[in-house]
Amino acid sequence: MTRVIEYRDALNEAMCEEMRRDQRVMLLGEEVAEYDGAYKVSRGMLKEFGEKRIIDTPISESGFSGMAIGATMVGLRPIVEFMSWSFSLVAADPILNNAPKMLYMSGGQFGCPIVFRGNDGAGGQLGSTHSWCVEGLYSNVPGMKMAIPAFPEDAKGLLKTAIRDDDPVFFLESERLLSFKDEVPEEEYTIPFGQALVRRPGSDCTVVSFGRPVHFCLEAAETLAKEGISCEVIDGRTIRPLDIDTIVRSVKKTNYLVVVDQSWSFGSPGSEIASQVHQHCFDDLDNAVVRVHSADVPTPYAVELEQAYLPNAHRICEAVRSVTYNA
Amino acid sequence: MSVANTSIGTSHLTGIVPATGDSVARSLPDKTLLEWLRMMVLIREFEVRTMQAYQDRKIGGFCHVYIGQEAVAVGCTASVEHPDPIVTAYRDHGHALARGMDPKYCMAEMFGRIGGCAKGKGGSMHMFDRDNNLFGGHGIVGAQTPLGAGLAFGTKYIDEVINEGTSQRVTLCFLGDGALNQGALHEAMNLAGLMKLPVIFIVENNGYSMGTSINRGTTMADEITAKAKAYGMLSAQIDGMDILNVYDGMKAVVDQVRSTPCPAFVDMRTYRFKGHSMSDPRKYRPREEEQSYETDDPIAKLRDYLFSQKLFDEDRFKAMSKEIRGEVRASIKWAEASPPPDVMEELYKDVYVEEWGPYNGTSEPEMLTDGDQRKEEG
């Protein structure tokens, strides 16, 4: 059985269910408790779990991220909400230097079961400092896992997996998707990491993405279908682990690949996928991999500039036409 | 909470009420004081040999020795219970030994050997010992201070939320005076103050952040406890060159932090006799200053006290020193005999708990699985 709920409520259900089954799980962050969540993701949680488990923090990302990491060392499993991943940059030292490295640097003595989650990406005229797509910046670091759901069902299933995971998980949500409604199962479920999903089967060109741009890819595939180009759209769902097998299997069938990644192109998940595909199935490619990224500039404010900056269906269509020699 | 500007020895405890006006340390069993002396001498000897091993290129990377500050780690550790968490910065060998780590695991870690406490993956600045509740060894200045708040948050949460009881534990979070100017510390202190976390931020104030004297880098350098006041914290200034004094001051702070619970801040006045790290020529401080502190040696101070009380004598001190030299020599031999980590086995191990891709899971260091050694300590 399924019902239709918002992406934000899918996240909320995931946290509530996991907090009911495991007392070691707690939520902390800015405005998560009394304000009921800056984006209402934690709506009702203070009422159910009380102030000892739903904790409002001051605006101190470095302090409360590090504090949560310390708490994992004595056995807790915190969820840390960043109102925006853009604000996580001031917490770079704890989230990059402590969480993903603790197990290694302690020689296997201390893992770090923690979830950092919040809004990632541009799209609301917030200007460059508030529009970070941190996939490229953070996925570079070994020791962390990164999940980036595009649909409510994945948002819930992946977040439950993230909370149960023994390794640190960076969970990238999208403010632009929070009100997006879709079917979510009624019953208990989790979605494993490292399993991409073919969102739309096709035969002429593989289009891979993750997070919000998956929706642009599906939109583009619809347009291209009318032109007689059949796209296979793959939703990666997690960036670490990356399900390269599903991507390669598709490319072996279609012989063309477009990668859509909302982070900047230089040293990004998009460039990593292109590189891995070249390694795994170079001979199956009938053209070089084409990548669609955010423009290589700071995120602009003006609507026209911001729309041109971001990956969108129009740019994806152009990329598919180009790579399949239909331009 | 009653406020008292009581002083014990040269300690000044602001808002902290000592148990009695007399020295608690001096009334402890002789055996305890002798154990402290032994541990301080062990740390000193360990660090002397560490410097030699570094010069012989058996130890790589950055290496910071604890010589001169021994009374701090030993006295503070003695003031808490074994399950109380301890976290520190990169000058961490003394804390590891004081907490009960066998010197051989500490030395092997610096030698980059599989027998090291972190299987040779952490090095000098990253000593971890789960069984002894030592949570690192952290290399970035101030980074351990939010972790310290988190350890206190964690123990308090476990006691209050999961076990539905009262907070039991006190976390000791050591930092250098250089960390006073890191944002992380101030965020951690604010959080600790707001959330009433049972953590004690112990500033091992040796007067220099690397080569910059505290007056050149820190406001209110003569009164850094003023910073604690801004975060609603209890504070104390303690002479860290006298272990009896360290224990007395810390005991009062620990008792109050444990029973309240609340955070506290300690300006622990100490001095490092050697440089910041092994490559430091110490041109930033006058030799006269160094010499004046060397006459204030914490080991000599406790030794002389024990002599004066007829609890110990020169012959027994010599015998103890000799035995310790042997123990440290043995730790070096053990470290040398321990093989380097096997590349195939260890390079991709301990990255993730879960096995996936090239990552082959995790395993514990020999230190945690060596039952005999642990049994003795237990």
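The values are calculated or read from the model by the stated rules, or taken from the named source; none is laboratory data. Nothing here was measured: the structure is a model prediction, and the numbers come from that model. Don't worry about glycine lacking a Cβ; one is built from the backbone with ideal geometry, like all the others, and counts go over all protein chains shown. The accessibility values were calculated without ligands, DNA or RNA, using every heavy atom of the protein model including side chains. Shrake-Rupley method; radii C 1.70, N 1.55, O 1.52, S 1.80 Å.
Scanning the stretch B:197-213 for residues that are surrounded by fewer than 24 Cβ atoms within 10 Å (Cβ to Cβ) and either within 12 Å of chain A (Cβ to nearest Cβ) or aliphatic (A, V, I, L, M) (or both) yields a total of 1.
Return the pair list, or none, for Cβ contacts closer than 7 Å from residues in the stretch A:272-286 that are closer than 16 Å to residue A:236 by Cα to residues that are at pLDDT 95 or above and of a type in the set (Lys, Arg), at least 6 apart or on different chains. From residues that are closer than 16 Å to residue A:236 by Cα, the pairs are A:274/A:291. None of A:49, A:64 is over 21 Å from the mean Cα position of the chain (by Cα), surrounded by fewer than 24 Cβ atoms within 10 Å (Cβ to Cβ) and within 12 Å of chain B (Cβ to nearest Cβ) except A:49. All told, residue A:127 falls short of being closer than 23 Å to residue A:231 by Cβ, modelled with pLDDT under 95 and open to solvent by 10 Å² or more (accessible area, probe 1.4 Å). So, residue B:13, is that one at pLDDT below 95, crowded, with 24+ Cβ neighbours inside 10 Å and outside any loop (DSSP other than H, G, I, E, B) or not? Criteria met by residue B:13.
Taking the criterion of being closer than 24 Å to residue B:59 by Cβ and among the polar types (S, T, N, Q), the residues of the stretch B:296-332 that qualify are B:321, B:331.
On inspection, residue B:235 fails the criterion of being over 23 Å from residue B:29 (Cα atoms) and surrounded by fewer than 21 Cβ atoms within 10 Å (Cβ to Cβ). Note on the stretch A:106-120: among residues that are facing chain B (nearest Cβ under 7 Å) and crowded, with 24+ Cβ neighbours inside 10 Å, the one that is farthest from residue B:153 (Cα to Cα) is A:107. Within the stretch A:86-102, restricting attention to residues that are of a type in the set (A, V, I, L, M), in contact with a Ser or Thr (Cβ under 9 Å, 6 or more places away or on another chain) and open to solvent by less than 50 Å² (accessible area, probe 1.4 Å), the residue that is nearest to residue B:349 (Cα to Cα) is A:102. For residue A:15, state whether it is open to solvent by less than 40 Å² (accessible area, probe 1.4 Å) and under 21 Å from residue A:112 (Cα atoms). Judged against the criteria, residue A:15 is a match. Take the stretch B:76-92 and flag every residue that is closer than 23 Å to residue B:141 by Cβ and either over 8 Å from the mean Cα position of the chain (by Cα) or assigned to a loop (DSSP other than H, G, I, E, B) (or both). Answer for the stretch B:76-92, where residues must be closer than 23 Å to residue B:141 by Cβ and either over 8 Å from the mean Cα position of the chain (by Cα) or assigned to a loop (DSSP other than H, G, I, E, B) (or both): B:85, B:89, B:90, B:91, B:92.
Where helices (runs of 4 or more DSSP H) fall entirely within the stretch B:129-240, those with at least 2 residues that are more than 19 Å from the chain's Cα centre (by Cα) and over 20 Å from residue B:270 (Cβ atoms) are at B:144-157, B:183-195, B:225-230. Looking across the stretch A:289-323, the residues that are of a type in the set (A, V, I, L, M) and open to solvent by 60 Å² or more (accessible area, probe 1.4 Å) come down to A:297, A:303, A:305, A:308. Residues that are open to solvent by 60 Å² or more (accessible area, probe 1.4 Å) and modelled with pLDDT of 95 or more within the stretch B:283-302 comprise just one, B:301. For residue B:235, the conditions (1) under 30 Å from residue B:48 (Cα atoms); (2) touching a residue at least 40 places away in the same chain (Cβ under 8 Å); (3) in contact with a helix residue (DSSP H, G or I) (Cβ under 7 Å, 6 or more places away or on another chain) all hold with the exception of (1). Determine whether residue B:43 is open to solvent by less than 60 Å² (accessible area, probe 1.4 Å), modelled with pLDDT of 95 or more, in the same structural domain as residue B:197 (by TED's automatic domain parsing) and out of contact with any Ser or Thr (no Cβ under 8 Å at 6 or more places or on another chain). When the stated conditions are applied, residue B:43 passes them. State which residue is farthest from residue B:340 (Cα to Cα) when the search covers only the stretch B:101-131 and only residues that are more than 10 Å from every other protein chain (Cβ to nearest Cβ) and of a type in the set (Lys, Arg). It comes out as B:104.
Residues considered: B:251, B:229. Of these, the only one that is closer than 26 Å to residue B:74 by Cβ, open to solvent by 50 Å² or more (accessible area, probe 1.4 Å) and either basic (Lys, Arg) or at pLDDT 95 or above (or both) is B:251. Going residue by residue through the stretch A:30-44, is there one that turns out to be of a type outside the set (Ser, Thr, Tyr), at pLDDT 95 or above, touching a Lys or Arg at 6+ places or on another chain (Cβ under 6 Å) and under 18 Å from residue A:170 (Cβ atoms)? Looking through the stretch A:30-44, at least one residue is of a type outside the set (Ser, Thr, Tyr), at pLDDT 95 or above, touching a Lys or Arg at 6+ places or on another chain (Cβ under 6 Å) and under 18 Å from residue A:170 (Cβ atoms). Screening residue B:93 on (1) within 13 Å of chain A (Cβ to nearest Cβ); (2) open to solvent by less than 10 Å² (accessible area, probe 1.4 Å); (3) farther than 15 Å from residue A:107 by Cα shows it passes everything except condition (1).
Here the stretch B:338-361 is the region considered, the condition is being without any contact (Cβ under 8 Å) to a residue 24 or more places away in the chain and open to solvent by 80 Å² or more (accessible area, probe 1.4 Å), and the residue that is nearest to the other protein chains (Cβ to nearest Cβ) is B:354.
Among the residues here, residue B:189 qualifies as crowded, with 24+ Cβ neighbours inside 10 Å, over 18 Å from residue B:255 (Cα atoms) and more than 7 Å from chain A (Cβ to nearest Cβ).
Looking at A:246, A:254, A:206, which one is modelled with pLDDT of 95 or more and touching a helix residue (DSSP H, G or I) at 6+ places or on another chain (Cβ under 6 Å)? Testing whether each residue is modelled with pLDDT of 95 or more and touching a helix residue (DSSP H, G or I) at 6+ places or on another chain (Cβ under 6 Å) leaves just A:206. Against the criterion of being open to solvent by 90 Å² or more (accessible area, probe 1.4 Å) and over 18 Å from residue B:44 (Cα atoms), residue B:311 does not qualify. Cβ separations smaller than 6 Å between residues 6+ apart or across chains give the following pairs from the stretch B:38-64 residues that are within 23 Å of residue B:340 (Cα to Cα) to residues that are assigned to a helix (DSSP H, G or I): B:46/B:103; B:46/B:328; B:49/B:328; B:59/B:53; B:59/B:110; B:63/B:54. If you go through the stretch B:143-180 and keep only what is among the hydrophobic types (A, V, I, L, M, F, W, C) and surrounded by fewer than 24 Cβ atoms within 10 Å (Cβ to Cβ), you end up with B:158, B:161, B:162, B:179.
You will find that of B:92, B:84, B:129, the residue that is in contact (Cβ under 8 Å) with a residue 40 or more places away in the chain, out of contact with any strand residue (DSSP E or B) (no Cβ under 7 Å at 6 or more places or on another chain) and acidic (Asp, Glu) is B:129 and no other. Of A:209, A:250, all but one fail to be touching a Cys at 6+ places or on another chain (Cβ under 8 Å) and surrounded by 19 or more Cβ atoms within 10 Å (Cβ to Cβ); the exception is A:209.
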